[in-house]
1. Provide the per-residue ³J(HN,Hα) series for region 189-201, in order, calculated from phi with Karplus coefficients 6.51, -1.76, 1.60 and θ = phi - 60°, each as a whole number of Hz, with x at glycine and proline positions.
2. Springs between alpha-carbon atoms under 10 Å, Gaussian network over the chain: tell me which of HIS169, HIS193, HIS153 tops the mean-square fluctuations.
3. All other residues with a Cβ under 11 Å from the Cβ of LEU61 taken together, and with Lys, Arg as +1 and Asp, Glu as -1, what is their net charge?
4. Would you compute, from DSSP H runs of 4+ residues alone, the mean residue ellipticity of the chain at 222 nm, taking -39500 (n - 2.57) per run and dividing by the full residue count, rounded to the nearest 500?
5. Which lysines, if any, have their Cα less than 20 Å from the Cα of LYS57, not counting same-chain residues under 8 positions apart?
6. What number comes out for the charge environment of ARG141, summing +1 per Lys or Arg and -1 per Asp or Glu over other residues with Cβ under 13 Å away?
7. Which far-off residues, 5 or more places away or on another chain, put their amide H under 5 Å from the one on HIS153, with H placed in the peptide plane?
8. Could you list CYS77, CYS221 so that the one with the fewest beta carbons within 10 Å of its beta carbon is first and the one with the most is last?
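A short reminder: the numbers here are calculations on the coordinates, not readings from a lab. Values in this document were obtained by computation on a predicted structure and should not be read as measured data. Please note: Cβ atoms are built from the backbone with ideal geometry, for glycine as well, and neighbour counts cover all protein chains shown.
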Amino acid sequence: MIISKYLRVTLIAILILIGMAIFCTIPTFFLSGSYKEFVRLTTATVYNSVVAIYLWKKFNLTFTPVRSVQVGYGLVCGILLFLSVSTMKNFILPFQYLDINNQLPLSPILLSILIAPIYEEIIFRGVLLKEVLVVNNTFFRLLFISILFALFHLSFPFDTRALLNFTGHIFAGIVFGYIYLKSGNLLTSIIAHSVTNISAVLLTTTIIPTMNPINSLVFFCISLSTLWLILFRMKVT
């Protein structure tokens, strides 16, 4: 029973990844430059939104009203999560910063901030994580879904920077999953995910580049310890 659940979840994730690879590659095959990236991001957003709507209806998901305390958890945890991951990366391997606003039109950035957290949380926390809730080991099921979540964001060539991004997405997936399980509300993890993405756009090319390795390490320790303290103090609904 448990193995079949994991196989089913893995199969769903693989099919989504294959579909995304096909539908995002074909429209950009003859394009180049920033326009190619614009089309790729837009196509990925449309494809994943359709997938999320389909899974939402198939698995009969519903949104429950979000309370003010859950909004607060989402906002604070989203900021702390970004600081933890970004300062860790900056300490290990300083960024080769990319000014997203100069490279891409504003529309795909807004799509990734506003829409991506919704369909990613529906797919990975609302559907896939729920499918493996029969497992008693909470950390294992969070880790399993988070690895699938990281594979969803895998980039090539798979160098040191890509490895750091992959690890960061695993950690983020665990945090989002934990927030969802503890709050009992998918909207809480969507808020945290959105705030993390917004922080990445606003701070990656502003505050983070000013940090030297020592500052990055200090901020990493402070933000990570504060994040886990908040997570463990969250009340189960």
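1. Per-residue couplings from phi come out as 6, 5, 4, 4, 5, 4, 5, 4, 5, 4, 4, 4, 5 Hz.
2. Comparing HIS169, HIS193, HIS153 in the GNM, the peak value goes to HIS153.
3. +3
4. When only DSSP H runs of four or more count, the value is -24500 deg cm²/dmol.
5. Result set, ordered by chain and number: LYS5, LYS130.
6. Taking every Cβ under 13 Å from that of ARG141, the sum is +2.
7. none
8. Listed from fewest to most nearby Cβ atoms, that is CYS221, CYS77.
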